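Asker: Sharing a structure with you now.
The values are calculated or read from the model by the stated rules, or taken from the named source; none is laboratory data. Keep in mind that this is a model prediction, so the values were computed, not measured. Methodologically, a virtual Cβ is constructed for each residue, glycine included, from the backbone with ideal geometry; neighbour enumeration extends over all protein chains shown.
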Amino acid sequence: MELFGRHEGYQAIAAVGIFDPSYPRIAAWSYSRAKEAGLILGQDQPSAWEASKFGAQGSNLGNLVWGFGAHTLVASRLEHNRTKIMSAPRDEFLALYIAQGPILEVKGTESDVELRLREQYVLEVVLDVERPMIVLGIGIGAAVANCSTAELSDGSMDFLEKLKSRISMIGGFVGFRGECGAGLAHRAGFRQGFEAMGCPSLFINKKVGLGRRLQSRYSTLKLHLLDETRSLRIGLLCDGSHLDRDLSELLFLRGAVGSVVLYQDPRDDWCQEYVQLSNEENVKTVAHFDIERWREAVSGLDLVIGPRIHGSMISISMEVPVITFSIDARIQEMCEMMRLACVPYQESSSPLPVRAIIERMIQAINKFNGTEFDYQRQALAERYVSVFKKYRIESQPELIELARKVDSVVL
């Protein structure tokens, strides 16, 4: 069932990396067959078609979230099939609409083959479809140590140069997840049409006043965290680091019946190294391939914790309080850009006591400002609507409304 209204009579937009839950899938198709049809997010990530088994293709389910967020922003009719996109006449589409992730690298770090393949995957379509392009969600990789002094790698420079050339000839826009990535691009000379926009997943829930409602729930959560006798329904987002060890301890000391471990990457199995989660009666381990089921799974939780930004964004879309642990610059730039409740975390082999974890969580709650969150979200919504209008892409009506309002006050 289509979750968001589409203007089916309008000229289509060519879509790459956009996750549309209503797009037809054929269950009997193998992953390779789906890839041939163009129904994938990148070189190894599911999109309009998903792998049917968790971990079967090394898939990070969090990538479905930013692809889905991009899908919910627009009302235009989208064509997802890569084969059709690449073979269509030049005037078949109004524009090219692309969602991507953390693919930028910096000098002094080892090149990631997977990221280079993703860049190639994007460029093949950009260079083939001669229409204005909108690329959203470009981010930095985890290896960036210092945003203010880092420089883009030669490979990332070449990638952005090709996008810049296409923009200068045909028109277009590149949106970054945060100021770190945008700053790297600006210092390298990529300025006009290159702007920080946050992650599209911030707008899965487009209701006005989201920050205000989250603020209220954070206030309640703070009281519950301070009450050591109170158990909470906790959602744990693992990431394969020592942080799993520390947060697992919190989960089992304070987790109530109904708590869950939310897997979104095969690396998350490392949680099992610290605690045998599957043997705990209070905790279930789940991995969702369906966005709406994922949202439903977190809707009844009191709190979601962990370093997974898109598991965090799914929870925020359901107005569930989230404490995101910022383990690298990739996470930190999104925490700052979208005004999230985040805890800085340095990897350590020494366990972090539960009391210290709770203290840091309360500090993050105290810093969260619902009004600031709402105003930032409204400002970003304005940017999206403006870019889409320029290139004749129809914005979802709820996004247009959000761009005009903060809480109940008309700007």
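Asker: Only one of Gly311, Gly300, Gly255 is modelled with pLDDT of 85 or more, surrounded by fewer than 21 Cβ atoms within 10 Å (Cβ to Cβ) and either of a type in the set (Ser, Thr, Tyr) or under 25 Å from Ser216 (Cα atoms) (or both); which?
Answerer: Gly300
Asker: Okay, moving on. Note down all Cβ pairs under 7 Å where the first residue falls in the stretch 316-327 and is closer than 17 Å to Asp246 by Cα, the second is crowded, with 24+ Cβ neighbours inside 10 Å and among the hydroxyl-bearing types (Ser, Thr, Tyr), and they're at least six residues apart or on different chains.
Answerer: Between residues of the stretch 316-327 that are closer than 17 Å to Asp246 by Cα and residues that are crowded, with 24+ Cβ neighbours inside 10 Å and among the hydroxyl-bearing types (Ser, Thr, Tyr), the close pairs are Val322/Ser312; Val322/Ser315; Thr324/Ser312.
Asker: For the stretch 174-183: of the residues being in contact with a helix residue (DSSP H, G or I) (Cβ under 7 Å, 6 or more places away or on another chain) and buried (at least 24 other Cβ atoms within 10 Å of the Cβ), which is farthest from Glu336 (Cα to Cα)?
Answerer: Val174
Asker: Sticking with this structure for a sec: Tell me which of these Ile305 doesn't satisfy, since it passes every other one: (1) without any contact (Cβ under 8 Å) to a residue 24 or more places away in the chain; (2) under 25 Å from Ala143 (Cα atoms).
Answerer: (1)
This table checks each residue for (1) among the hydroxyl-bearing types (Ser, Thr, Tyr); (2) in a helix (DSSP H, G or I).
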residue	(1), (2)
Glu119	no, yes
Gly137	no, no
Ala143	no, no
Thr149	yes, no
Gly155	no, yes
Asp158	no, yes
Leu163	no, yes
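Asker: Taking into account only those residues within the stretch 237-267 that are polar (S, T, N, Q) and not in a loop (DSSP other than H, G, I, E, B), which is nearest to Ile327 (Cα to Cα)?
Answerer: That would be Ser248.
Asker: Cβ-Cβ below 6 Å, separation at least six or inter-chain, first residue in the stretch 380-405 and touching a residue at least 12 places away in the same chain (Cβ under 8 Å) and within 18 Å of Gly137 (Cα to Cα), second among the polar types (S, T, N, Q) and not in a helix (DSSP H, G or I): which pairs?
Answerer: Sorted first by the residue in the stretch 380-405, then by its partner, the pairs are Val385/Ser395; Phe388/Ser395; Ile393/Ser76.
Asker: Suppose we filter the stretch 226-238 for residues that are of a type outside the set (Ser, Thr, Tyr) and either without any contact (Cβ under 8 Å) to a residue 12 or more places away in the chain or surrounded by fewer than 22 Cβ atoms within 10 Å (Cβ to Cβ) (or both); how many remain?
Answerer: Taking the stretch 226-238 and keeping what is of a type outside the set (Ser, Thr, Tyr), we get 226-228, 230, 232-238.
Of the ones still in play, those that are also either without any contact (Cβ under 8 Å) to a residue 12 or more places away in the chain or surrounded by fewer than 22 Cβ atoms within 10 Å (Cβ to Cβ) (or both) are 226-228, 230, 232-233.
Going through the stretch 226-238 one residue at a time, the tally reaches 6.
Asker: Moving on to the next point. Which is outside the structural domain of Asn60 (by TED's automatic domain parsing) and over 19 Å from the mean Cα position of the chain (by Cα), of Met313, Met318, Met334, Met361?
Answerer: Answer to the check: Met361.
Asker: Among the numbered criteria (1) modelled with pLDDT of 95 or more; (2) buried (at least 21 other Cβ atoms within 10 Å of the Cβ), which single criterion is violated by His186?
Answerer: Failed condition: (2).
Asker: With (1) on the phi < 0 side of the Ramachandran plot; (2) not in a helix (DSSP H, G or I) as the list, and Gly108 as the residue in question, which single condition is left unmet?
Answerer: (1)
Asker: Let me ask something additional. Restrict the check to the stretch 169-180 and report whether at least one residue is without any contact (Cβ under 8 Å) to a residue 60 or more places away in the chain and more than 23 Å from the chain's Cα centre (by Cα).
Answerer: Residues of the stretch 169-180 that are without any contact (Cβ under 8 Å) to a residue 60 or more places away in the chain, as a first pass: 169-170, 174, 176.
So of that shortlist, the ones also more than 23 Å from the chain's Cα centre (by Cα) come out as 169-170.
Among the residues of the stretch 169-180, at least one is without any contact (Cβ under 8 Å) to a residue 60 or more places away in the chain and more than 23 Å from the chain's Cα centre (by Cα), which makes the answer yes.
Asker: Take the conditions among the aliphatic types (A, V, I, L, M) and free of Cβ contacts under 8 Å to residues at least 24 places away in the same chain and apply them to Val106. Does it pass?
Answerer: No, not satisfied.
Asker: Now a separate question. Enumerate the helices (runs of 4 or more DSSP H) found wholly within the stretch 327-411, keeping only those where 1 or more residues are touching a Cys at 6+ places or on another chain (Cβ under 9 Å) and not aliphatic (A, V, I, L, M).
Answerer: Passing ranges, in order: 329-338, 354-367.
Asker: Given the condition small (Gly, Ala, Ser), under 30 Å from Leu301 (Cα atoms), loosely packed, with under 15 Cβ neighbours inside 10 Å and in contact with a helix residue (DSSP H, G or I) (Cβ under 9 Å, 6 or more places away or on another chain), answer yes or no: does some residue in the stretch 191-210 qualify?
Answerer: The answer is no; no qualifying residue exists.
Asker: A further question follows. Looking at (1) more than 28 Å from Ile400 (Cα to Cα); (2) modelled with pLDDT under 65, which is the only condition Phe4 fails?
Answerer: Evaluating Phe4 over (1) more than 28 Å from Ile400 (Cα to Cα); (2) modelled with pLDDT under 65 leaves (1) as the failure.
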